[in-house]
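The values are calculated or read from the model by the stated rules, or taken from the named source; none is laboratory data. Note that the coordinates shown come from a computational prediction; the quantities given were computed from them, not determined experimentally. Using ideal geometry, Cβ is built from the backbone for each residue, glycine included, and neighbour counts are taken over all protein chains shown. Accessible surface is based on the protein model in full, side chains and every heavy atom, while ligands, DNA and RNA are left aside. Shrake-Rupley method; radii C 1.70, N 1.55, O 1.52, S 1.80 Å.
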Amino acid sequence: MTRRAWLLFAAMSVIWGIPYLLIKVVMDAGLEPGFLVFGRTAIGALLLLPVAIRRGVIRPALAHWRAVLAFAAIEIAVPWYLLNSAEERLSSSLVALLIAMVPLIATVIAWRLGDRSVFSPVRVTGLA
């Protein structure tokens, strides 16, 4: 691996780890997990809403509001709440490692459900 690749890997490691450190700092300051989830979601919405409006995808999404709401709850609100609650009891580094395991766990589940393409060379390289 070249020096540049190592520097990029190190930078990505820092970028990946900073949110977990900041979650720990906020949780130690006494904020509730629900407030942190709301704050993260609100910031994300404020950043993405203008892009969605400009691309004209709000109306089609609203046509399927139940599915969008279910997706947001399952993929965003519940995991963030659990993550923030875990930060009250676990170290930030352990939480980050657990989150980093998600693609591997999803791959194993997909394989167990019969998707044999999850172990293609390209996907295994991506997991590595």
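Just for segment 79-128: of the residues that are farther than 23 Å from Phe35 by Cβ and polar (S, T, N, Q), which one is surrounded by the most Cβ atoms within 10 Å (Cβ to Cβ)?
Going residue by residue through segment 79-128, those that are farther than 23 Å from Phe35 by Cβ are 93, 97, 100-128.
Next, only the ones that are polar (S, T, N, Q) stay: 93, 107, 117, 120, 125.
Values: Ser93: 12, Thr107: 17, Ser117: 9, Ser120: 10, Thr125: 8.
Ranking the qualifying residues of segment 79-128, first place goes to Thr107.
Suppose we filter Met1, Met27 for residues that are over 16 Å from the mean Cα position of the chain (by Cα), modelled with pLDDT under 85 and not in a helix (DSSP H, G or I); which single one remains? Working first, answer last.
Details: Met27 fails: not in a helix (DSSP H, G or I).
Unique residue meeting the criteria: Met1.
In segment 28-50, which residues are in contact with a helix residue (DSSP H, G or I) (Cβ under 7 Å, 6 or more places away or on another chain) and more than 13 Å from Leu82 (Cα to Cα)? It would help to see each step written out before you state the result.
In the first step, residues of segment 28-50 are kept if they are in contact with a helix residue (DSSP H, G or I) (Cβ under 7 Å, 6 or more places away or on another chain); the result is 33-34, 36-37, 40-41.
Residues satisfying the conditions are Arg40, Thr41.
What are the pairs, 6+ residues apart or on separate chains, where a residue within segment 79-98 that is farther than 16 Å from Ser13 by Cβ has its Cβ under 8 Å from a residue that is of a type in the set (Phe, Trp, Tyr) and buried (at least 18 other Cβ atoms within 10 Å of the Cβ)? Close Cβ pairs (under 8 Å, with a partner that is of a type in the set (Phe, Trp, Tyr) and buried (at least 18 other Cβ atoms within 10 Å of the Cβ)) amount to Glu87/Tyr20. Among the residues here, Arg40 does not qualify as at pLDDT below 90, open to solvent by 60 Å² or more (accessible area, probe 1.4 Å) and outside any helix (DSSP H, G or I).
Quick check: anything in segment 30-37 open to solvent by less than 70 Å² (accessible area, probe 1.4 Å), over 24 Å from Trp16 (Cα atoms) and more than 18 Å from the chain's Cα centre (by Cα)? Lay out the reasoning, then the answer.
We begin by selecting, within segment 30-37, every residue open to solvent by less than 70 Å² (accessible area, probe 1.4 Å); these are 30, 33-34, 36-37.
The next check asks that each one be over 24 Å from Trp16 (Cα atoms); those that pass are none.
There is no residue in segment 30-37 that is open to solvent by less than 70 Å² (accessible area, probe 1.4 Å), over 24 Å from Trp16 (Cα atoms) and more than 18 Å from the chain's Cα centre (by Cα).
Here Arg59 clears all of (1) farther than 16 Å from Ala96 by Cβ; (2) modelled with pLDDT under 90; (3) part of a helix (DSSP H, G or I) except the condition numbered (2).
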